[in-house]
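This report concerns only the one structure given below.
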Amino acid sequence: PADVHDAAKARVRSPPAPVTDVARLCVCDLLVAQCDVNCCCDPDCSAEDFSLFTTCSVPLVTGDSQLCSQKAAVYSLDVEANPPERIFKLIDQVNPSIFCIHATNYKQALYLKSPEIPTPENFDQLLAKFGGATFSAEPDSWNLDTDAQNPPDANETSRYEYGVPVQTEDAFLRLPSPVVSSWCSDANPAGFLVNQATKCIRSVSVEKCDSIQALSMLFYINSSILASVFQVNITVQSIAVQSLNGMRTLLSSSDVLRLPMVLDELCINAVLGVNYHITHTDTGEIIEAAAAFVLGAISKEALSIEQSFEISFTQENTQPVPLSGNPGYVVGLPVRAGFQPQGYPFPAAFLFAALALSSNKHSQLTILHSTSTQDCLAAQGARAPVLFGYNMISGCKLRITAAMKCQPLAQTLLDVLKGQSFPEYVASFGNSQAQDVLDWVPITQLHISEQMISHPLQSSCQIPVSLGIEVKWTKYGSLVNPQARIVNVTATITTTTLKQLPSGRERIIPITSSVVFTDISSPAEPSYKAWPTINIKLPFDFFYPFV
Amino acid sequence: NNSSQLSSLPLQILLYVNGIYYIFYFLATLAMIIYKSQVFSYPDDLLAPDLVVLFLMAILEVPQLYLGFKGNLTEAEVPLGLSLGLTVGSVVLCVYLLLWQTYVLWADVLLNAVLLLAYGLESGLKVMAITAFVS
């Protein structure tokens, strides 16, 4: 109704008048209709309340102290009287400085500016000015460059830095991701060198599935990425079709663009997943972009589907290997290990061959993973990767019966302790490349046998009972940002004699494996620049007439 | 020197002192305006009129003093009359700086009051000199 609207307008247009009378101002009066403790200016307090106070938290209420003469309200407690009472005095405070303000013709000079009350008329303008995360105190006319920043010029898009959104023709390379809830938001840009994998839910309807943009392949590949002087088109690397029961088939030809369409109450060729692979140079220019799609079918009853997106960045001419630090190892990331390729004679191999790295978890540096059964022979294959900086110990129990033969048992235990493929080299830095063989540290294998001293000549066979990997690392680099560098890795196998058991008896011996990280960094010595030397030499004919 | 010389000695002294005092006044007021613009909130659209008034007063002061000297020494009433007119203008500007400036500091009040006093005395002496020259 119109009168309510007008009343609302009238209410809104007049903000409360600011109180400037010092006798009525009270900053410590926080509780409404209740007496605040030690607040001498609180009008809700009675004389009995004042008698209980110890001090006045606000002794003086005054206006701007720069004025030459102004009224001030002074509150104090007279503790001599019985009961203590509050004294209120209104005095004229004088500022003795010669530069005190005698008068001012600018009313807002001494008070804070009253904010604009939002009304339906000025709401949009206020929202544009103050609605963002930051706003500037300067007037708008000074920010002339805000519109000039988009679109960016070609020189700036040539090199990307870490985290900068990858720009395309229209906006940014989108990686839909869940924001706040699990629903897909298309406004998430992909950051350069930020490998991300997201899953989100999108609401669909089978009838309109060919009009929903986010379900079609075109939405993800139609804009080309801006990079240096040319634009990089996103090529389709592969298409896998997922059937309704979840089985995926890789299509042989990925040239044909498959758009979603309705077929037999199903929506086929709907995008269920996109995997972007971006190749870049070492200077930050994007040279190639490919997308691998997973298309699927949506049945009529489905109201929403889950889409998964992933983006990974690879430097050209390198194998994508996950780094464990750049350059020093980061605590918690796996220690990278590798093998020397077979068939190379030793010196030449060291200089020219590259180490064979494998992203297969089982050929990394791993230790035995304890299982719930704690039986060594049953738990073959459970390994845990060695993470830098984390000392680990694990083990299992071996039940030895009389019937067990020593040699096969020793070999089995060695496999249990070391794993199927125990690596030969460990990367000294978290980002050591396989080509730089000198960046890799060989694993020293030691063998300690606990032989019984009483029978030194008895050549009974030895079975390994523990594996201890000691990783010595040092701090490398600058004093303020030291990087962890592995210097030495020693794998010590301790073996013990297997005594023959009488038949029918069995023994349980514990098998342990451990990883210890030791910091062997020498204390840092700060180095200082050499003192500047004063180099004064008189010219040789300085004392000319006399010499 | 009451028969042959009509020039007023007090007026001459006052004009001379006024010239020196005005230089001090101008520099002090300018410095205080700069101080006020840094310490207080002084928007540009209020700073501009104050500066304009101060510089206008300086521009008026120079011919006023020159004409005053010339008129008094040559015992001519026309320059002295013009000087009196310019003094009235300066008085108006001085009153503006005393009452209607954006921030009137206590030092401003003192300086402007002294200047007004000087202008008042000057005007009185000029009127007396003019009547002496005319008659």
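The values are calculated or read from the model by the stated rules, or taken from the named source; none is laboratory data. Please read all numbers here as calculations on a predicted model, not as lab measurements. Cβ: placed from backbone, ideal geometry, glycine included. Neighbour counts: every protein chain shown. For the accessible areas, the whole protein counts, side chains as well, though only heavy atoms, and no ligand, DNA or RNA atoms are used. Shrake-Rupley method; radii C 1.70, N 1.55, O 1.52, S 1.80 Å.
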> Given a 1.4 Å probe, how much area per residue of the range A:26-140 is accessible, in Å²?
Replying inline: 69
>> Roughly how far apart, in whole Å, are the Cα centres of the range A:365-440 and the range A:474-547?
In response: 27
> Taking each residue of A:103-114 in turn, how many C-beta atoms of other protein chains fall within 10 Å of its C-beta, and what is the average?
Replying inline: 4
> A:Met247 accessible area, nearest 10 Å², 1.4 Å probe?
Replying inline: 130
> Given DSSP loops and a limit of at most 13 other Cβ atoms within 10 Å, what is the longest stretch of chain A that contains no such GluC sites (Glu not before Pro)?
Replying inline: A:317-547
> Which ³J(HN,Hα) values, rounded to whole Hz and listed in residue order, are derived for the range A:389-405 from phi using the Karplus coefficients 6.51, -1.76 and 1.60 in 6.51 cos²θ - 1.76 cosθ + 1.60 with θ = phi - 60°, glycine and proline given as x?
Replying inline: x, 9, 6, 10, 9, 8, x, 8, 10, 10, 9, 9, 9, 5, 7, 6, 8
> Helix B:9-39 versus the longest principal axis of chain B: what angle, 0 to 90°, nearest 10, using Cα atoms?
Replying inline: 10
> Across the residues of A:65-78, average count of Cβ atoms on other protein chains within 10 Å?
Replying inline: 1
> Which is farthest toward the positive dipole end of chain A among A:Tyr75, A:Asn188, A:Phe388, measuring Cα position about the Cα centre, with Cβ charges +1 (Lys, Arg) and -1 (Asp, Glu)?
Replying inline: A:Phe388
> Peptide B:37-49: average number of partner chain Cβ atoms within 10 Å per residue?
Replying inline: 2
> Just the accessible area per residue of the range A:164-321, please: how many Å² with a 1.4 Å probe?
Replying inline: 51
> What is the Cα radius of gyration of the range B:9-134 over 2.2 N^0.38 Å, N being its residue count?
Replying inline: 1.13
> Which order do A:Thr401, B:Thr29 take when ranked by solvent-accessible area (1.4 Å probe, heavy atoms of all protein chains), largest first?
Replying inline: A:Thr401, B:Thr29
> When ligands, DNA and RNA are left out and all protein chains stay put, how many square angstrom of accessible area per residue does the range B:9-134 have with a 1.4 Å probe?
Replying inline: 47
> Got a number for carbon plus sulfur as a percent of the protein assembly as shown's accessible area, 1.4 Å probe?
Replying inline: 60
> Ranked by accessible surface with a 1.4 Å probe, highest first, in what order do A:Asp49, B:Asp45, A:Asp255, A:Asp541 come?
Replying inline: A:Asp255, B:Asp45, A:Asp541, A:Asp49
> Using a 1.4 Å probe on protein heavy atoms only, how many Å² of accessible area do B and A hide from each other, summed over both chains and rounded to 100?
Replying inline: 1200
>> I want the antiparallel fraction of DSSP beta bridges within the protein assembly as shown, as a percent rounded to 5.
In response: 70
> Rounded, prolate or oblate: which one fits the range A:22-94, using the alpha carbon gyration tensor with axes a ≥ b ≥ c (rounded when a/c is under 1.5, else prolate when a/b beats b/c, else oblate)?
Replying inline: oblate
>> List the residues, sorted by chain then number, that are 5 or more residues from A:Gly273 or on another chain and whose placed amide H is less than 5 Å from its amide H.
In response: A:Val294, A:Ser308
> Out of A:Val515, A:Val437, A:Ala491, whose Cα points farthest toward the positive end of the dipole of the protein assembly as shown (charges: +1 Lys, Arg; -1 Asp, Glu; placed on Cβ)?
Replying inline: A:Ala491
>> Counting other C-beta atoms within 10 Å, and keeping those with at most 14, which DSSP coil trypsin sites (Lys or Arg not before Pro) do you find in the range A:240-324?
In response: A:Lys300
> Which of the lysines could be linked to A:Lys405 by a straight reach, that is with a Cα gap under 30 Å, when you skip same-chain ones fewer than 8 residues away?
Replying inline: A:Lys397, A:Lys418, A:Lys499
> What angle, in degrees between 0 and 90 and rounded to the nearest 10, separates the Cα long axis of helix A:406-418 from the longest principal axis of the Cα atoms of chain A?
Replying inline: 20
>> Run lengths n ≥ 4 of DSSP H only: what is the helix-derived mean residue ellipticity at 222 nm for the protein assembly as shown, with -39500 (n - 2.57) per run over all residues, to the nearest 500?
In response: -8000 deg cm²/dmol
> Relative to the longest principal Cα axis of chain B, at what angle does helix B:44-74 sit, 0 to 90 degrees, rounded to 10?
Replying inline: 10
>> For chain A, I need the span (max minus min coordinate) of the C-alpha atoms along each principal axis, in Å, sorted largest to smallest.
In response: 108, 96, 89
> What residues qualify as long-range amide H neighbours of A:Ala337, i.e. H under 5 Å apart, gap of 5 or more or another chain, H built at 1.01 Å from N?
Replying inline: A:Leu365, A:Ala427
> Taking H as built 1.01 Å from N, whose amide H comes closer than 5 Å to the amide H of A:Val164, not counting residues under 5 places away?
Replying inline: A:Phe192
> For A:Asn431 and A:Ala47 in the same chain, what is the full-extension length gain: residue separation times 0.36 nm, less their Cα-Cα distance, in nm?
Replying inline: 130.6 nm
